[in-house]
Amino acid sequence: MREWRKNSKVDNPKLLSLLGMCRRANKLCCGHDSAVGAIRSKNAKLCLLSSDSSERLRNEIKRETEFGGSEIPSAVLESDMYEIGKATGLKSAVLTVNDEGFANAMLSLLKTTQEVN
């Protein structure tokens with residue numbers, strides 16, 4: 001049975017919509033192994049973490065994105081795994097966007113609402 005979240009805080013419905021389109025365009029990697037693989041192969045243009053991701057995962061992704069001077073931008077969303085799963089069809093705490101156009105659009109939405117690392 002699905003859990004009802006009446007007090008969930010969605011940071012930006014446009015961002016979640018873009019994540020869904022990015023998933024359908026096959027330009028999104030969901031999950032730890034797939035995201036780290038995209039970062040290491042330099043396919044990732046943006047890395048996103050859910051609000052309920054662990055501190056250990058956040059530190060690991062930060063190390064991966066900063067390794068070798070690549071400096072892939074990353075951000076922690078206000079949406080949790082459930083909301084991201086609703087938008088993308090895959091429940092995951094870490095995502096990478098592998099398209100420059102989608103990444104730039106999401107970065108512009110993120111910069112208006114929060115800080116991007």
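The values are calculated or read from the model by the stated rules, or taken from the named source; none is laboratory data. Please read these numbers as outputs of a predicted model, since none were measured by experiment. Glycine gets a Cβ as well: all are built from the backbone with ideal geometry, and neighbour counts include every protein chain shown.
Numbers for the structure displayed
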item	result
Extreme residue, surrounded by the fewest Cβ atoms within 10 Å (Cβ to Cβ), among residues of region 51-71 that are among the hydrophobic types (A, V, I, L, M, F, W, C) and modelled with pLDDT of 90 or more	Leu57
Residue that is nearest to Leu90 (Cα to Cα), among those in region 17-33 that are buried (at least 16 other Cβ atoms within 10 Å of the Cβ) and touching a strand residue (DSSP E or B) at 6+ places or on another chain (Cβ under 8 Å)	Cys30
